[in-house]
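S.K.: Structure incoming, see below.
The values are calculated or read from the model by the stated rules, or taken from the named source; none is laboratory data. Please read all numbers here as calculations on a predicted model, not as lab measurements. Cβ sites come from the backbone with ideal geometry, for glycine too, and all protein chains shown count toward neighbours.
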Amino acid sequence: MNPTMSTIDILQKIVAVKEQEVAAAQKRIPLQAMRADAESRVLTRDFAGAIRAKLAQGQSAVIAEIKKASPSKGVIRPDFFPSDIAQSYAEGDGTISAACLSVLTDRQFFQGMPDYLKQARASCDLPVLRKDFMIDPYQIYESRSMGADCILLIAACLDDARMHDFAQIAHALDMATLFEVHDREELQRALRVIADTRLRSHTLLGVNNRNLRTFEVRIANTLDMLPDIPQDQLFVTESGILTREDVHTMRAAGVDAYLVGEAFMRAPEPGRALATLFA
């Protein structure tokens, strides 16, 4: 991705592509059929519960990402086998391992696909987040149909009403929701929606440390917003956690849940890289 491209440009481009994808998908499988399929799938894994279980054990709760490529970095892992990566994350080093998985399903910008999520989830017992850009209710049902246990709602892509409605649909399908914010304004919006839905036990709040205007990664973004986050809110820091020093900085501030991808995707054995980073 061209680093001079503005946030609005890239988000508008992604949203436009998603609108086309949803329209095409609904021609193949109409909304009512997709909804019926989603509602028939009852064996959801407890995403928020898996995070809490790791924290209760005194460990960091890591949502480990399975990502082949990104718009800014290109292909990150050419040797890409989602089932093997998922198993590696689930095993870790035998002591430290992932709490959950995050799988990119976006094709055009991240070279992902739904089959990657299906393969990853089938190869282990971990709950799985569908990492994609949700802009239409159809995608929420589609997420459950493909096996997702949690969806991502990016505040920069959605107004409050859609965030609220999408979270309610996810809850009705027994899926968790990860609200992603990048600044204080989005944080306050997300907190209002979470409070209004009364679904805090099923909801995670993530602060992305990537500045969408400059694409600079600054982990202090999480630290800056911590005072505004309720202590009983399940909270995740995203992006830029690359070194033991980064982890130490977050732990010292009381942050114990992380979404990490690129640092592991570049390692020969992602699960062992996770265990080393969070030892």
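S.K.: Only one of Ile229, Ile241 is in contact with a strand residue (DSSP E or B) (Cβ under 7 Å, 6 or more places away or on another chain), in contact (Cβ under 8 Å) with a residue 40 or more places away in the chain and over 16 Å from Leu152 (Cα atoms). Can you tell me which?
M.R.: Among Ile229, Ile241, only Ile229 is in contact with a strand residue (DSSP E or B) (Cβ under 7 Å, 6 or more places away or on another chain), in contact (Cβ under 8 Å) with a residue 40 or more places away in the chain and over 16 Å from Leu152 (Cα atoms).
S.K.: Further question on the same structure: Can you spot a residue in segment 180-187 that is within 17 Å of the chain's Cα centre (by Cα), of a type outside the set (Asp, Glu) and more than 24 Å from Gln139 (Cβ to Cβ)?
M.R.: The answer is no; no qualifying residue exists.
S.K.: Looking at this structure, is Asp84 under 20 Å from Ala257 (Cα atoms) and at pLDDT 95 or above?
M.R.: So Asp84 does not fit the description; no.
S.K.: Let me ask something additional. On the basis of being in a loop (DSSP other than H, G, I, E, B) and not charged (D, E, K, R), does Met163 make the cut?
M.R.: So Met163 fails the test.
S.K.: Also: Restricting attention to segment 75-111, report how many residues are assigned to a loop (DSSP other than H, G, I, E, B) and either crowded, with 24+ Cβ neighbours inside 10 Å or of a type outside the set (Val, Ile, Thr) (or both).
M.R.: Final tally of qualifying residues: 17.
S.K.: I need the full set of residues from segment 256-276 which are crowded, with 21+ Cβ neighbours inside 10 Å and not in a helix (DSSP H, G or I), in order please.
M.R.: Ala257, Tyr258, Leu259, Val260, Gly261
S.K.: Can I ask one more? What single numbered condition from (1) farther than 27 Å from Val42 by Cβ; (2) without any contact (Cβ under 8 Å) to a residue 40 or more places away in the chain; (3) in contact with a strand residue (DSSP E or B) (Cβ under 9 Å, 6 or more places away or on another chain) fails to hold for Arg162?
M.R.: (1)
S.K.: Determine which single condition Ser72 fails, assuming it passes every other condition in (1) surrounded by 15 or more Cβ atoms within 10 Å (Cβ to Cβ); (2) in a loop (DSSP other than H, G, I, E, B).
M.R.: Unmet condition: (1).
S.K.: Keeping to segment 29-64, report how many residues are touching a residue at least 40 places away in the same chain (Cβ under 8 Å), under 24 Å from Leu199 (Cβ atoms) and either part of a loop (DSSP other than H, G, I, E, B) or among the acidic types (Asp, Glu) (or both).
M.R.: The total comes to 7.
S.K.: Let me ask you something else. Condition test on Cys157, is it within 18 Å of the chain's Cα centre (by Cα), in contact (Cβ under 8 Å) with a residue 40 or more places away in the chain, surrounded by fewer than 21 Cβ atoms within 10 Å (Cβ to Cβ) and closer than 27 Å to Leu223 by Cβ?
M.R.: yes
S.K.: Here is a follow-up. Looking only at segment 38-57, filter to residues that are aliphatic (A, V, I, L, M) and modelled with pLDDT of 95 or more; which one of those is surrounded by the most Cβ atoms within 10 Å (Cβ to Cβ)?
M.R.: In this case the residue turns out to be Ile51.
S.K.: Okay, moving on. Could you say which residue among Arg272, Arg251, Arg218 is of a type in the set (Lys, Arg) and closer than 17 Å to Cys100 by Cα?
M.R.: Arg272
S.K.: Still on this structure, I have one more. If I filter segment 135-144 for residues that are of a type in the set (Phe, Trp, Tyr), closer than 29 Å to Asp183 by Cα, within 14 Å of the chain's Cα centre (by Cα) and buried (at least 21 other Cβ atoms within 10 Å of the Cβ), do I get at least one hit?
M.R.: no
S.K.: Also, quick follow-up: Taking Ile29, is it closer than 29 Å to Ala263 by Cβ, surrounded by 12 or more Cβ atoms within 10 Å (Cβ to Cβ) and at pLDDT 95 or above?
M.R.: So Ile29 fails the test.
S.K.: Are any residues in segment 218-250 assigned to a helix (DSSP H, G or I), polar (S, T, N, Q) and surrounded by fewer than 18 Cβ atoms within 10 Å (Cβ to Cβ), and if so, which ones?
M.R.: Thr249
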